[in-house]
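Only one structure is covered here, and it is reproduced in the block below.
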Amino acid sequence: MTLKFALLAATASVIAGYAAPAAAQVTADQAAQLGTTLTPLGAEMAGNADGSIPAWTGGVCTMNLPNGVNGNIPPVFTDEKKLFTIDSSNVNQYADKLTPGEIKMISTFAGFHMDVYPTHRTGCAPQWVYDNVKKNATSAYMKGDYPFGFAGGIPFPIPQNGEEIVWNSNTAWAGVDTSDEVSNYIVPFNHSPILTSTTFVTYYKDLYQPGVTVANYDGIYTRDESQVTAPANRVGEVYDSYQPTETPPLDYRVWEYLVGQRRLRLAPNIGYDGAYPDCGGLMDTDEIYVFNNKPDHYDWKLLGKKEIYVPYNENGASLLPDTSDLLGPQYLNPDHIRWELHRVWVVDATVRAGFRNLIAHRTVYADEDTWSFILADEYDSSGNLVKFNSILPFVDPAIPAVPFITTALYDLRGGGYCMFQLPVGPNQWILENSTKPVSQFDPQQIVNNAAD
């Protein structure tokens, strides 16, 4: 079998080799599976037939793993030995558990390979989140393209369609109020990485605040503020955003404060396929975190589940003392990336009639244990596979959670990639320490702080 045939076979297997979802609405009897045959978040509790995917036994919440020093990312699974490597010499052997984008990476970029490690199902959340998710299972509903009737957890633990999985990913558990220091890089093909920004980001999760209920949830699932700390010519820039689950009248908004102009403005072209400014035109706004937007410009088809090799438990990559060893001239150094076999939900998205997007068709893959999107194969209007999008999730027992923030987006046409939110420095991931009240996320507060 040639690599080209393997790519075609992988595309076909995404369509044919999945477990079809149920068509009925969720009943109380179905919701009763949560915590029994299904995990409290809705994944299959059992492992797979050959044991290469183990049963879920509580995730990082029960694994007694060490916390990181001073809130940083801990060294979890970093001493494990790889099981095998997938490369151009044996890709056909594993094609049924690879996405078209993964096979394209192997066939396009010499030396790209995937080191496969034992699977650890680390995803988990606190008990109070599980309790809320069980309530949401029978109360949440879609009205048009937007979810209602939920609070304190993902809305659809037993999803009935692709849009519900989009909202599960958008609202996936990653802590309540956290902050991190992260860097963004552009890596032109066969060139050294270019730092575009380092930012200190603080998050306020309205959806997960103590005491939130269906009645008092304000419809904004997260707010964040990004303070630019590097490079020198951008120090002092501040960006505030909020992302709603209900729209209209709410909508995705980003405000920016530019030091040179000393004024606050609503950022233009943020959302959908508007270019993300720190990736030099390679990444669109809705490609952050694989897919990060409202679903209303696409038609979403839920294909079901599939076993796929995905990046997972990437604490080793996040702990490297020097990013130059990770950011290679064509792709991330594969010797530092950990791949594991996990079950994912497969969702196919095509641009809806009357709308446009530079990515006309994308197949996205959501991790069953956390609901976060982890991979995407992205196609242009001619059906060409043009981008491969991936997340490098790491484990943090202190939240407890498996945050999905670091995004690597590859251009499969001319080469090059963008690295988004790579944890750096002594404040890589400071947990549950944000003391900012919600009023501090008012965009006007940026101007007040700048004047102080």
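The values are calculated or read from the model by the stated rules, or taken from the named source; none is laboratory data. It should be emphasised that the depicted structure is a prediction, and the values quoted were computed from it without experimental measurement. In this analysis, Cβ positions are derived from the backbone assuming ideal geometry, glycine residues included, and neighbour counts consider all displayed protein chains.
Miscellaneous remarks
- Residue list for the range 328-350, restricted to those being hydrophobic (A, V, I, L, M, F, W, C), closer than 18 Å to GLY111 by Cβ and part of a strand (DSSP E or B): LEU332, TRP339
- Among residues of the range 309-327 that are over 18 Å from PRO66 (Cβ atoms) and in a strand (DSSP E or B), those with a Cβ under 8 angstrom from a residue that is at pLDDT 90 or above and aromatic (Phe, Trp, Tyr), sequence gap 6+ or separate chain, pair up as TYR309/TYR94; TYR309/TRP339; VAL310/TRP339; VAL310/TYR365; PRO311/TRP339; LEU327/TYR185.
- Count of residues meeting criterion [among the hydroxyl-bearing types (Ser, Thr, Tyr) and either touching a Ser or Thr at 6+ places or on another chain (Cβ under 9 Å) or within 16 Å of HIS361 (Cα to Cα) (or both)] in the range 253-284: 2
- Which numbered condition LYS305 fails, given (1) at pLDDT 95 or above; (2) under 26 Å from ILE186 (Cα atoms): (2)
- The number of residues in the range 185-217 that are surrounded by fewer than 16 Cβ atoms within 10 Å (Cβ to Cβ) and assigned to a loop (DSSP other than H, G, I, E, B) comes to 10.
- The listed residues are TYR146, TYR94, TYR130, and the only one of them that is modelled with pLDDT under 95 and of a type in the set (Phe, Trp, Tyr) turns out to be TYR146.
- Subset of the range 268-308 that is in a loop (DSSP other than H, G, I, E, B) and among the hydroxyl-bearing types (Ser, Thr, Tyr) - its residue that is nearest to the chain's Cα centre (by Cα): TYR289
- Among the residues of the range 225-244, those identified as crowded, with 19+ Cβ neighbours inside 10 Å and touching a residue at least 60 places away in the same chain (Cβ under 8 Å) are GLU225, VAL238, ASP240, TYR242, GLN243.
- Test: ALA215 is over 19 Å from LEU422 (Cβ atoms) and either at pLDDT 90 or above or touching a Cys at 6+ places or on another chain (Cβ under 8 Å) (or both): yes
So that you can scan it fast, the table gives a plain yes or no per residue for (1) under 21 Å from PRO188 (Cβ atoms); (2) surrounded by fewer than 24 Cβ atoms within 10 Å (Cβ to Cβ):
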position	(1), (2)
PRO329	yes, yes
VAL347	no, no
ASN357	no, yes
LEU412	yes, yes
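- Number of the exception - ILE53 against (1) closer than 25 Å to ALA151 by Cα; (2) at pLDDT 95 or above: (1)
- Meets criteria (among the charged types (D, E, K, R), closer than 21 Å to ALA172 by Cα and crowded, with 19+ Cβ neighbours inside 10 Å) for GLU256: no
- Test: GLU181 is charged (D, E, K, R), more than 23 Å from VAL133 (Cβ to Cβ) and either in a strand (DSSP E or B) or in contact (Cβ under 8 Å) with a residue 12 or more places away in the chain (or both): yes
- Check on ILE106, among the aliphatic types (A, V, I, L, M), touching a residue at least 24 places away in the same chain (Cβ under 8 Å) and in a loop (DSSP other than H, G, I, E, B): no
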